[in-house]
Amino acid sequence: MSTTVGNIARRPLRSLRSVLVVLLGGLLPLLAATFLTAPAASGATIRTEPPAAASDMAPDAAPVAAPVGAAAALTEVTNFGTNPSNLQMYVYVPDTVTTRPAVLVAVHWCTGSGPVFYSNTEFASLADRYGFIVIYPSVTRASKCFDVSSPQALTRGGGSDPVGIRSMVDWVTRTYGADTSRVFATGVSSGAMMTNVLLGDYPDVFAAGSAFSGVPFGCFATTNGSEWNSECANGTVIHTPQEWGDLVRGAYPGYTGTRPRMQLWHGTEDDVLRYPNFGEMIKQWTNVQGLTQTPAATDSPQSGWTRTRYGATGDRAPVEAISLQGVGHNLITTGMAARAITFFGLDSGGPVPQPPAGPCKVAATTNAWNTGLTANVTITNNSTTAVNGWTLGFALPAGQTITNGWSATYAPASGTVTATNVSYNAAIAPGASVSIGYQATHTGNSTAPSGFTLNGTACTAG
């Protein structure tokens, strides 16, 4: 199947694999939230929408069970406000919602629709569990792609799809007494691109976004009326962090308030919106947040995943990026929606302070054999001032004894060890790193050291 947009033949941006809607982990207590019966919608025409039929779904999608809820159903709302591009609005309100519920805008892929996105993702079942409201915008233009390319779409209040989506948010917050400080956006492919656009156009409306297989704000920009930008899709549009950040800031000139947090997901084998776009989005949103390109933390929450966090180390860092090794364009799969909900803070009682990024980060790995090992340790200066001369303290695991080392001097050989710089690596500029290492014997425990301090200050483990 191919779609022609702007005289360019291409295949759809998104064809979602069938995903079973599951209840995650059984019933958990809803933390610090009092549940109320949801009020009936008013002030607009509403219509109950059944789950999408198989013929309406993306080419390789299949029907799945509708989200659990005795009375709750997807509802179409009309006459909801200013809507220059004739979007359709669907809303899912659980049987019970929290006091002043949060609102999530869930944006479909090209060739999709609001009802299809409702039926094929876990956001509605998560709303049942945590008591937030989900808006599902739906495109009516022939391509079924969201406008993320026109000058109108890339300007606050400029017209086109973002204005209609903003009207949907306003309608829900008025109708259900929702919390205007807890409005979020997420989407896949075209919906991920729209997530980037919404956070750029309306930083005062959206608290955070989660974009699955998208491109940076402004990357798809065109001036000839085409919805498609091949250079961006192929990952050949490259800018500096400052240039990317300026595109976002230019959507709402003069805005000085808090910027939304952003979570980014991308597969390394994406052949539709290619993987270089992932790095460009990281550049953009770290710059918008005033952060460097150096992660505050790096880990692997699941096999094949590399997660980097910028500006903080907890679940609600200013920017979080998940790279999926060997994965193509087809996101999202089971469990990913729950991680987005965690990033938004919708699975707990409300905002919590995030652990700050430490002034230093240390990553350590070991390579072991029988009774020996080598260790490599990388020290990164996360502060804004240069380090001139350093000592790195760490706890060597029990049973390990250092026999020799490089790029530092080590004392004592076991227990709590101090590594001291040598002459050529005493200075570590802001954002820069140095690597050191050692060889050691072990008696069965070959794990990496821990508890790092740089010149007496605790470091973040990376």
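The values are calculated or read from the model by the stated rules, or taken from the named source; none is laboratory data. Treat the numbers as computed from the prediction; the structure is a model and nothing was measured. Note that each Cβ is placed from the backbone with ideal geometry, even for glycine, and that neighbours are counted across all protein chains shown.
Within the stretch 190-202, residues that are surrounded by fewer than 24 Cβ atoms within 10 Å (Cβ to Cβ) have Cβ atoms under 9 Å from residues that are among the charged types (D, E, K, R) in these pairs: 202/156; 202/166, counting only partners at least 6 apart in sequence or on another chain.
One line per residue, one yes/no per condition, for (1) buried (at least 23 other Cβ atoms within 10 Å of the Cβ); (2) in contact (Cβ under 8 Å) with a residue 24 or more places away in the chain; (3) closer than 17 Å to residue 262 by Cα:
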| site | (1), (2), (3) |
| --- | --- |
| 317 | yes, yes, yes |
| 320 | yes, yes, yes |
| 323 | no, yes, yes |
| 326 | no, yes, no |
| 330 | no, yes, no |
| 338 | no, yes, yes |
| 342 | no, yes, yes |
| 345 | no, yes, yes |
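For residue 168, the conditions (1) over 26 Å from residue 317 (Cβ atoms); (2) touching a strand residue (DSSP E or B) at 6+ places or on another chain (Cβ under 7 Å); (3) assigned to a loop (DSSP other than H, G, I, E, B) are fulfilled apart from (3). The residue that is farthest from residue 315 (Cα to Cα), counting only those in the stretch 208-236 that are part of a loop (DSSP other than H, G, I, E, B) and touching a Pro at 6+ places or on another chain (Cβ under 8 Å), is 223. Look at the stretch 423-446: where a residue is not assigned by TED's automatic domain parsing to the domain that holds residue 396, no partner that is assigned to a loop (DSSP other than H, G, I, E, B) and loosely packed, with under 14 Cβ neighbours inside 10 Å sits 6+ places away or on another chain with Cβ atoms under 8 Å. Entry remark, the stretch 238-264: residues being farther than 17 Å from residue 151 by Cβ and either touching a Leu at 6+ places or on another chain (Cβ under 7 Å) or part of a loop (DSSP other than H, G, I, E, B) (or both) number 11 in total.
Table: residues versus (1) surrounded by fewer than 24 Cβ atoms within 10 Å (Cβ to Cβ); (2) among the aromatic types (Phe, Trp, Tyr); (3) modelled with pLDDT under 95; (4) not assigned by TED's automatic domain parsing to the domain that holds residue 218.
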| site | (1), (2), (3), (4) |
| --- | --- |
| 97 | no, no, yes, no |
| 106 | no, no, no, no |
| 115 | yes, no, no, no |
| 124 | no, no, no, no |
| 150 | yes, no, no, no |
| 156 | yes, no, no, no |
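Here is a check on your reading of the model: is residue 237 surrounded by 19 or more Cβ atoms within 10 Å (Cβ to Cβ) and under 22 Å from residue 182 (Cβ atoms)? Here the answer is no, as residue 237 does not meet what is asked. At least 3 residues being more than 35 Å from the chain's Cα centre (by Cα) and closer than 24 Å to residue 457 by Cα is the threshold, and among the strands (runs of 3 or more DSSP E) wholly inside the stretch 325-433 those reaching it are 401-406, 408-411, 416-421. Among the residues of the stretch 270-279, some residue qualifies, meaning at least one is of a type in the set (S, T, N, Q) and within 17 Å of the chain's Cα centre (by Cα).
Of the residues in the stretch 425-447, how many are within 24 Å of residue 389 (Cα to Cα) and either out of contact with any Gly (no Cβ under 9 Å at 6 or more places or on another chain) or of a type in the set (S, T, N, Q) (or both)? Total meeting the criteria: 10. The lone criterion from (1) modelled with pLDDT of 50 or more; (2) over 28 Å from residue 148 (Cα atoms); (3) surrounded by fewer than 21 Cβ atoms within 10 Å (Cβ to Cβ) left unmet by residue 65 is number (1).
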